[in-house]
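Below is one structure, written out as structure tokens; comments come after it.
The values are calculated or read from the model by the stated rules, or taken from the named source; none is laboratory data. For clarity, every value in this text was computed on a predicted model and none was experimentally measured. Reconstructed Cβ throughout: ideal geometry from the backbone, glycine too, with neighbour counts over all protein chains shown. For the accessible areas, the whole protein counts, side chains as well, though only heavy atoms, and no ligand, DNA or RNA atoms are used. Shrake-Rupley method; radii C 1.70, N 1.55, O 1.52, S 1.80 Å.
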Amino acid sequence: MSDRAVMLAKLTELEQEHAKAVAGGGPKYTDRHRKRGKLLARERIELLLDEGSPFLELSPLAAWGTDYPVGASVVTGIGHVEGVECLIVANDPTVRGGASNPWTLKKIFRANDIALENRLPVISLVESGGADLPSQKEIFIPGGRVFRDLTRLSKAGIPTIALVFGNSTAGGAYIPGMSDHVVMIKEQSKVFLGGPPLVKMATGEESDEESLGGAEMHARTSGLADYFAVDEHDAIRIGRRVVKRLNWRQHRPRASAPPKLNEEDLLDIVPSDLRIPFDPREVIKRIVDGSEFDEFKPLYGDSLVTGWASLHGYPIGVLANARGVLFSEESQKAAQFIQLANQTNIPLLFLHNTTGYMVGAQYEQGGIIKHGSAMINAVSNSTVPHLSVLIGASYGAGHYGMCGRAYDPRFLFAWPSAKSAVMGPAQLAGVLEIVARQAAASAGREFDEDSAIAMRMMVEQQIESESLPMFLSGRLYDDGIIDPRDTRTVLGICLDVIHGTEFRGAQGYGVFRL
Ligand code: COA
């Protein structure tokens, strides 16, 4: 199969997994939801957003490979409402009543972090059975952060808006409680700390849902609702009006030249066998404005490509691995380049295809650790925004030096071709075998060659499956897997978002070991 065919097959597989998230709780629960005259989570989002504007969905495969449904019963993403870039969090009530499981929480926390860091107003489209009760031990204690985040966003001056479409009970009641602006819907919103059965148990009082927490009661009596909507469409209309009156910055598209080289070719560039090197300039030139890329130090440390470009009109510095391994020269070049970007206030884009820093006596003696440390120091202390895209391998400390998830890039996406782990599966299985062989020798035991072969295969398979993007995306180690052809659009949205806040290049770093 050609590399393109392999990439297309991976994209088909990805589409099937995305379809699972879109299907929510499946036909039974979706039909029931519709029969109740309600809109689905994604329909609510679509109506809320400006017509024809893009929606950058985040973590769509959250919970993939876990015991919970793909998508984690919530939809999050960035879109335009009345020209304002907003972060949207919409419960999917067709999945276990929209209840939050551990992955729902992780997905919402990530969304809140993005909102806080990039100063995006947050719109919660609420309809949830609260905590997923069977998994309460994993969510009750950390789950409190959902409400803390909302009030901290508000303190930071970032507006929070709750449109309550249905159940928002018990802890969930604090979502409207902690939001700056609250819209409730006639005979649909249910917001109470305890429903009628719980009240009966606690105090013996007889009550009904409307008097305990209906929209009318909250709009007229308790004051928890600021706006009373007659139906879902009305709530969405009011939500849009609220955003319009926020006096928040409006997104203005920038003029830019599209790449001269065809973005369609991005499907052909990454070999299906990641051991085969490829030239990342072929990727860069298909995502940056006018395919114009001014390379920095092209003749030095040439297994890392560095240089300047613009993307959707925004200047960027790019670091892209060329032949996989990072040597001392590449590390020093990266550290210097990152400092230059900070001097000139230019965001950085990291395109990963690295097997890590070079090992071996010659390189150790040449100071690979201190040079790699300099790169990691520069990445860690750089204060211009970072974007990371895993296009190929992202192994070992190379993942860190190239601004992996733990280094807080503003956004991190993966191509279907990506793989990430502490090292490659074959290397890891081989290392384990050598260690086992040595342990047997020092204990005077015979080494069982047959079971070693079986073990090696098993470990390789396990590590391979744990290195794949869906597995990593399921664990929220990225913000989503994207079609290579969408890279420019996705990064363009991210750069729009990033430029909504002031940023300044670093004034200082950790001590560089020379
Ligand atoms: N945890 C785990 N599963 C839940 C759940 C929760 N909090 N809420 C609902 N579910 C499950 C239901 O058991 C049901 O599963 P099943 O179809 O396999 O039997 C499915 O989700 C759909 O729930 P259902 O009650 O049929 O949906 P509904 O739309 O009629 O009502 C709620 C939704 C949320 C109003 C209702 O399920 C409810 O009151 N849940 C409990 C709410 C609560 O007290 N949560 C505690 C908050 S801390």
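Considering segment 152-177, the residues that are among the hydrophobic types (A, V, I, L, M, F, W, C) and under 19 Å from Arg44 (Cα atoms) include one that is most open to solvent (accessible area, probe 1.4 Å), namely Ile175.
Scan segment 272-297 for residues that are closer than 22 Å to Ala393 by Cα and open to solvent by 10 Å² or more (accessible area, probe 1.4 Å) and report the count. So the count comes out to 12.
When Leu495, Leu428, Leu514, Leu472 are screened for being open to solvent by less than 70 Å² (accessible area, probe 1.4 Å) and farther than 30 Å from Ser310 by Cβ, only Leu428 passes.
Of the residues making up segment 118-128, at least one is modelled with pLDDT of 95 or more, within 16 Å of the ligand (Cβ to nearest atom) and acidic (Asp, Glu). Filtered by the rule that a residue be farther than 23 Å from Gly492 by Cβ and among the small types (Gly, Ala, Ser), segment 384-404 gives Ala393, Gly396, Ala397, Gly398, Gly401.
Residues of segment 92-112 being under 18 Å from Gly25 (Cβ atoms) and within 10 Å of the chain's Cα centre (by Cα), which ones? Within segment 92-112, just Lys107 meets the criteria. Highlighted here are the helices (runs of 4 or more DSSP H) found entirely within segment 1-102 that include at least 3 residues which are loosely packed, with under 15 Cβ neighbours inside 10 Å and within 16 Å of the ligand (Cβ to nearest atom): 27-35.
For Ser473, the criteria (1) among the small types (Gly, Ala, Ser); (2) touching a Leu at 6+ places or on another chain (Cβ under 9 Å); (3) more than 17 Å from Leu58 (Cβ to Cβ) hold in every case but one, which is (3).
If I ask for residues that are in contact with a Leu (Cβ under 9 Å, 6 or more places away or on another chain), under 24 Å from Asp3 (Cβ atoms) and not polar (S, T, N, Q), which ones from segment 359-402 would you list? Hits for segment 359-402 are Val389, Leu390, Ile391, Gly392, Ala393, Gly398, His399, Met402.
Count, please, the residues in segment 103-113 that happen to be more than 16 Å from the ligand (Cβ to nearest atom) and surrounded by 21 or more Cβ atoms within 10 Å (Cβ to Cβ).
Summing the residues that are more than 16 Å from the ligand (Cβ to nearest atom) and surrounded by 21 or more Cβ atoms within 10 Å (Cβ to Cβ) in segment 103-113 gives 3.
Among the residues of segment 213-236, what is the count of those that are in contact with a strand residue (DSSP E or B) (Cβ under 6 Å, 6 or more places away or on another chain) and open to solvent by 60 Å² or more (accessible area, probe 1.4 Å)? Counting residues in segment 213-236 that are in contact with a strand residue (DSSP E or B) (Cβ under 6 Å, 6 or more places away or on another chain) and open to solvent by 60 Å² or more (accessible area, probe 1.4 Å) gives 2.
Confirm whether Asp180 is in contact with a Ser or Thr (Cβ under 9 Å, 6 or more places away or on another chain), among the acidic types (Asp, Glu), open to solvent by 10 Å² or more (accessible area, probe 1.4 Å) and more than 13 Å from the ligand (Cβ to nearest atom). Here the answer is yes, as Asp180 does meet what is asked. The helices (runs of 4 or more DSSP H) found wholly in segment 306-415 and carrying at least 3 residues that are in contact with a helix residue (DSSP H, G or I) (Cβ under 8 Å, 6 or more places away or on another chain) occupy 328-343, 368-381, 396-401.
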